[in-house]
Structures are given as structure tokens and as C-alpha cells.
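Bear in mind that the values in this text are calculations on the coordinates, not laboratory data. All values reported here derive from a predicted model rather than from experimental measurement. Cβ: placed from backbone, ideal geometry, glycine included. Neighbour counts: every protein chain shown.
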Amino acid sequence: MSVFQTELLLVYPSLSSDYQRLKTVERTLARRPSLGMQYLMGVLRRAGVGYVFHDQVLDDISLPQLIEQVRRQAIPTVGLHVNYMTTDKVCGYIAALKNDTAAKVIVGGPGTLEAERFVAAGADAVVIGEAETRLPKVLAALREDCGLADIPGLCLPGGDGPHRTPAAGRIEDLESLPFPYRPPELIGRYGHDANPAEHRPNISLMASRGCPYRCSFCNTPQLWSNRVVFRSPAHTFAEIDEIFAQWPNAYLTFIDDVFGQNAAWIEEFCQRAMSRDKPFKWMCILNPLSLGKNASRLLPLMAEAGCNCISWGGQSADPDVLTGVNRSRREPEKLAEMVKLCKQNNILSVVTYIFGLPGDTLQTIEKSVAWTLKHRPDFADYHPLLVLPKSDLARDYDSLPLTELNSDDIEHAMANAYRRFYLHPKVIAQFIRLVLRHNPRFFLRLPRLLLRLLNLALFQGEADEPEPELNVKRVPQPLPR
């Protein structure tokens with residue numbers, strides 16, 4: 001709760017019940033904070049704007065409770081985060097908030113590529129792209145009831161339907177932004193409970209925005225283009241110093257689309273990490289090709305600098321499937337080299353695969369499962385394809401089937417892959433050695449974790465409790481002047 005008068009209620013919705021497997025992962029295995037919302041809270045605090053924040057992943061506050069809070073506290077504006085998997089849910093929230101309160105509703109996040117849908121649901125403004133430099137202006141325009149049309153990068157209601165203002169440019173100077181504000185009362189509740197290399201508090205941060213690749217299943221290029229904007233290692237460590245001043249034993253998770261992206265930056269980052277009096281542990285995300293010929297030099301350096309886990313995007317082990325989504329045919333071979341190097345340097349590897357890509361068959365999926373069983377990364381994640389709006393796949397396969405497999409085929413293939421990998425005797429033995437090396441106390445929470453993993457292997461989710469009926473009259477309340 002801010003010391004300033006509350007002007008904005010920020011809500012980070014949990015996933016829609018349509019995505020039960022991912023919702024189970026989100027709530028029980030991998031609770032990640034919304035770094036975007038934390039950046040916005042930093043901006044609001046610098047601007048002296050009072051706000052309240054709710055993260056539904058942590059606290060399952062219902063829509064009726066949100067409405068009651070807005071009306072009870074006469075909060076003038078509600079800000080909803082949206083991604084592809086919360087789109088329908090957010091549209092429903094918008095309609096209810098507009099019908100049951102007098103609050104203005106604004107929407108932001110990666111799901112705003114479908115901005116017109118939210119305006120049609122009743123949103124007063126949709127902020128497309130990076131919102132940090134524009135949010136205070138949007139709030140001021142809503143407060144004064146004028147000026148929204150002069151702000152770039154918005155989708156607004158109009159007499160002829162939703163319309164967009166001229167596009168907003170990228171934020172070129174990331175170092176001009178305040179550091180994200182991380183609510184102390186929430187930080188200890190975030191973490192990846194299935195990974196013994198991580199510990200709480202688990203702090204997310206980014207050293208860059210953007211991705212140089214153009215995978216056809218991804219819509220990041222439509223959000224941030226293919227140009228990467230970096231922070232310097234010095235500025236990144238200024239934030240790290242602030243984090244450790246508050247949480248001395250924090251674990252750092254870099255959620256850049258691809259960490260570092262050039263050898264000189266990674267080298268300077270690692271040298272700064274190694275020069276600290278107290279070492280720290282961290283993880284990042286990499287493409288199998290992103291370290292290139294420098295991998296044999298950089299991975300040992302990263303390990304010495306505290307990196308103990310890397311998430312690799314494998315996507316498929318079939319070269320033809322990879323080519324079909326604008327990836328390199330060389331990736332399975334290079335990824336095997338990266339996993340081997342990680343093992344040699346005591347870095348955990350997490351490899352992710354997507355089932356249901358264009359051209360996927362049960363045979364191509366079997367190649368991916370066989371790859372993981374042969375090379376045995378420490379963890380393997382198997383996910384169904386989600387066709388993201390505005391991605392190249394959404395454009396190219398608008399009315400065409402992506403694969404001969406149906407959703408049941410893909411669900412069964414994922415469940416089978418989880419069972420075969422995590423119940424393989426060599427994988428189990430590898431996991432026991434991993435826990436003994438990194439975190440023996442992890443065995444204390446292993447029974448509960450195994451039950452959660454079993455839910456995934458049986459493709460079961462946690463059932464949502466239905467939201468209670470609204471117990472307030474459906475009459476908009478006037479705001480105090």
C-alpha cells in the first residue's frame with residue numbers, strides 16, 4: 001500500500017482456467033513475479049502516484065472482491081495486466097468493472113497486440129508496448145478527462161469503434177527508468193520450487209529488452225522488434241547492489257529473452273560478479289546458438305561468476321520442424337554440446353520443447369523425447385504450442401491446420417514425455433546427485449513436489465473454485481470530487 005492517496009489499483013491476473021496445466025505450474029511449481037508490474041510500481045512511486053497491487057498468482061482475490069475494493073475505496077482507475085493466456089479473463093474483468101464501478105480501466109502487457117478486443121470490452125485505454133514513460137501521462141489524462149489522444153501508442157474507444165494513436169517508439173535508454181519496486185511482503189513467496197539450484201527470495205531482473213531471433217511461434221518481434229536494447233553491466237550491478245542491500249541471500253533470475261547476447265558484455269558482467277566480496281547465484285535464458293564459438297570460454301566464466309542454471313530453448317529435435325519455425329537445423333547438435341559443457345561446469349540445464357509445431361507428428365515428437373533421454377539435461381519441460389496473436393504462425397496458418405495432431409494427441413504426448421524422462425532410472429540417479437551437490441535440504445520438500453509432478457504427468461490441473469456471485473448491487477457509484 002502506498003503512502004500516497006490511492007489513484008490506481010494494479011492487478012496481475014492468474015492464468016485463465018482454460019490453461020489448467022500451465023496454471024498448475026504457475027501456482028505450485030514456478031511462481032514468477034511480473035517484472036513489468038514491478039517496473040510500473042517503480043515509476044508510480046517516483047511520480048508520487050498512490051496505488052494498490054494485487055498478484056492473483058499469490059493471492060486468489062476474486063473479481064467480486066476487486067469490485068468491492070474499488071467501490072469501498074473509491075479508486076478512480078484500475079490497471080489490468082494481460083497476456084495471451086489471460087485475454088478472455090481480462091475482457092470479462094473489464095466488462096464487470098465498467099458495469100459495477102465508476103472506475104476507468106486501462107490495460108497493458110504483451111497481450112495488448114490485440115488491443116481492440118479490450119476496448120470493445122469497455123477499456124478506457126490500452127497501452128501498447130513499453131508503458132513506463134507513458135503511464136503517468138495516461139493517468140493524468142484520465143484524471144483530467146482530456147488529452148489521451150495526444151499520447152502515442154494507445155488504443156482508445158471512439159464513435160466509429162476502437163482506434164489507435166500513432167505508434168510509440170521503444171524506450172532507448174533503459175537506464176533512465178527507476179529500478180523495479182519489489183514489494184518486500186511478496187518477494188519471499190516467489191520461486192521455482194522444482195529446481196534445487198534456486199532458493200528464495202528469488203528476484204527477477206532484466207539486463208536487456210528485445211530478441212535478435214525471429215522464431216515464427218513468438219510475437220516478441222511485434223512487441224519490441226528484433227533490436228535489442230541493453231543496460232550496461234555497471235547499471236545492472238547498481239540494481240543488483242540495491243537488491244542485495246535488502247535481501248543479502250537473494251537468488252537472481254535473469255529473464256532477458258536471451259541473456260547477454262554478446263561476449264564482451266557477458267565477460268564484463270562476470271568480472272564484476274567475481275569482484276564482489278560476497279558471491280551470489282543466478283540463472284539465465286539462452287538460445288543454443290547464442291554463445292557461438294565463445295561457448296567453451298564463456299560457460300566456465302559464467303559458472304565461476306555464480307551462474308548455476310541455464311534454461312535452453314530446444315523447441316524440437318527434428319531439423320525439418322525447426323526450419324519450419326525459422327530456427328536452425330544445427331540446434332539439436334549445438335544444444336547437445338551446450339548441455340555437455342554445462343555438466344562439465346556444474347551448471348544445471350533446463351531444456352524446453354514445444355509439441356504441436358507445424359509439421360509435428362508423433363515421430364518428430366519422439367525425436368525430441370529421445371534427445372532428452374540421450375543427453376539427459378537436468379530438467380526437461382514439454383509444452384503445447386500456443387499460437388500467439390500477431391506471430392508469424394498466426395499470420396501464415398490463419399485458416400490452415402498446423403499439424404496432423406489434435407489437442408488430445410499432444411496432451412498424451414506431453415504426459416508420456418514427462419513420465420519417460422522423470423521416471424527413467426538414469427535421470428532419477430542424476431537428480432539425486434544434483435540435489436546432494438546443490439541443496440540437500442531439497443529432499444525435505446520432495447514428496448510434495450513429486451505429487452505436483454505426477455499431476456503434470458497425468459495431465460491434471462488444479463480445479464478452480466468458481467468465483468462467487470456478486471453480492472453488491474449492479475449500480476455504478478459516483479466518485480468523490
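Any chance you could give the angle, 0 to 90 degrees and rounded to 10, that helix 446-457 forms with the longest Cα principal axis of the chain? It is inclined by approximately 80 degrees.
What is the angle, in °, between the Cα long axis of helix 135-144 and the longest principal axis of the Cα atoms in the chain? Nearest 10 is fine, range 0 to 90. With rounding to tens, the tilt is 20 degrees.
Ranked for footprinting exposure by Cβ neighbours inside 10 Å, fewest first, 179, 269 give 179, 269.
Working from the Cα coordinates of the chain, the gyration tensor eigenvalues give, after taking √(5λ), semi-axes of 37, 26, 23 Å in decreasing order. The angle separating the long axis of helix 295-304 from the principal Cα axis of greatest extent in the chain is about 70 degrees. Taking a ≥ b ≥ c as the square roots of the eigenvalues of the Cα gyration tensor, region 190-457 is oblate, since a/c reaches 1.5 or more and a/b is not larger than b/c. Using C-alpha pairs below 8 Å separated by at least 6 residues, the relative contact order for the chain is 14 percent. Under the combined filter of DSSP loop state and at most 15 neighbouring Cβ atoms within 10 Å, region 331-427 retains these GluC sites (Glu not before Pro): 404.
Sorting the segments 255-264, 124-133 by their residues' average number of neighbouring beta-carbon atoms within 10 angstrom, most packed first, yields 124-133, 255-264.
Evaluating kT/(6 pi eta Rh) at 37 °C and 0.692 mPa s, with the Kirkwood radius of region 143-270 over Cα pairs in the Stokes-Einstein relation, gives 186 µm² s⁻¹.
Counting Lys and Arg as +1 and Asp and Glu as -1 over every other residue whose Cβ lies under 14 Å from the Cβ of residue 162, the net charge comes to -2.
Helical content of the chain, expressed as a calculated mean residue ellipticity at 222 nm, amounts to -12000 deg cm²/dmol (DSSP H runs of 4 or more residues, -39,500 (n - 2.57) each, divided by residue number, nearest 500).
Computed over region 6-164, relative contact order equals 22 percent, with contacts defined as Cα pairs under 8 Å that lie 6+ residues apart.
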